Amino acid sequence: MTATLLTGKEVADSIFKELTPLIKKLDPKLVIIQVGDDPASESYIKQKVKSCDAVGMRHDHVHLKTDVTKEELFAVIEKLNGDPDVTGFILQLPLPAHLASHVPLFLRAMEPKKDVDGFTAYNIGKTLISKEFEHLPPATPAGIIALLEFYGYGDVTGKEVVIVNHSNVVGKPLAVMLLNRNATVTVCHAATKDLGSHTRRADILISAVGKPKLITKDMVKPGAIVIDVGITRTKDGLVGDCDFEAVKEVASAITPVPGGVGPLTVASLIRNTVRAKQRQLES
């Protein structure tokens, strides 16, 4: 058995097709704050800008020097909070070392209605309530849900889902969103003992660690759906968490790296910006 390939571009294109007329009508604007010159951040921002251009969304890039002070960054956030022309903005992570410990404070300073990354406590809290309150959910978990729905796996009722990641960005909010859809969810992390004993139970296995070949063939239940969110740059290019060539022989469906979840993170960010504009006009 060779697994069906679940590529993200086709799903992202369908989202962009739906959003393009709304963007033309509503004219939202996305602002990206970048501090320093982290190479990975540069790459992610280029993808976001490219996608904004493709759907005709206005955007701006606020690029701050590496040695910017926390007071200066707070001032930028406050300015964007108060600018009526800015629909939503994101703070590109990671931040330089001298600012990294202040990330919770920077997020707290953001106006929740403009938090299109879905990282503020208010938007995370709404996601926790129910599926109906997932107005601005974190982009990567929302992208994973969109991927499952597009390929016909959206009904996760009663399914055993194992997530290998417990970060605030992916694992925790994704677990909540799957619980909102009546899945049975197990969350694993660095302190989990005997990881394979958990992953082998999964009807849907999602890994977002950033450790090549963490998930081996013997750790996957035959017929499982495998969503590989991990990404690591190696001398041979970008690779995910799964031993792809081996795992695809036992899974029923699998995402590639690159080209799987990545495009959907960007698509979900743009969708959140449109939703933010809609909700701002309603209020």
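The values are calculated or read from the model by the stated rules, or taken from the named source; none is laboratory data. Nothing here was measured: the structure is a model prediction, and the numbers come from that model. Don't worry about glycine lacking a Cβ; one is built from the backbone with ideal geometry, like all the others, and counts go over all protein chains shown.
The figures follow:
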item: Segment 49-79, residues that are more than 21 Å from T273 (Cβ to Cβ) and among the small types (G, A, S); result: A75
item: Filter result for the condition that a residue is surrounded by fewer than 21 Cβ atoms within 10 Å (Cβ to Cβ) and more than 25 Å from L22 (Cβ to Cβ), over L105, L95; result: L105
item: Residue within segment 154-169 that is in a strand (DSSP E or B) and under 21 Å from R271 (Cβ atoms) present; result: no
item: Residue in segment 26-35 that is free of Cβ contacts under 8 Å to residues at least 40 places away in the same chain, on the phi < 0 side of the Ramachandran plot and outside the structural domain of T232 (by TED's automatic domain parsing) present; result: no
item: Residue that is surrounded by 13 or more Cβ atoms within 10 Å (Cβ to Cβ), out of contact with any helix residue (DSSP H, G or I) (no Cβ under 9 Å at 6 or more places or on another chain) and part of a helix (DSSP H, G or I), where the choices are I23, I15, I45; result: I45
item: Residue in segment 26-42 that is surrounded by the fewest Cβ atoms within 10 Å (Cβ to Cβ), counting only those that are at pLDDT below 95 and in a helix (DSSP H, G or I); result: P39
item: Helices (runs of 4 or more DSSP H) fully within segment 76-146 counting 1 or more residues that are within 20 Å of G36 (Cβ to Cβ); result: 97-100, 103-109
item: Residues located in segment 147-183, provided they are under 23 Å from N123 (Cα atoms) and polar (S, T, N, Q); result: N165, S167, N168, N180, N182
item: Residue in segment 182-205 that is in contact (Cβ under 8 Å) with a residue 60 or more places away in the chain, under 19 Å from the mean Cα position of the chain (by Cα) and within 30 Å of I45 (Cβ to Cβ) present; result: no
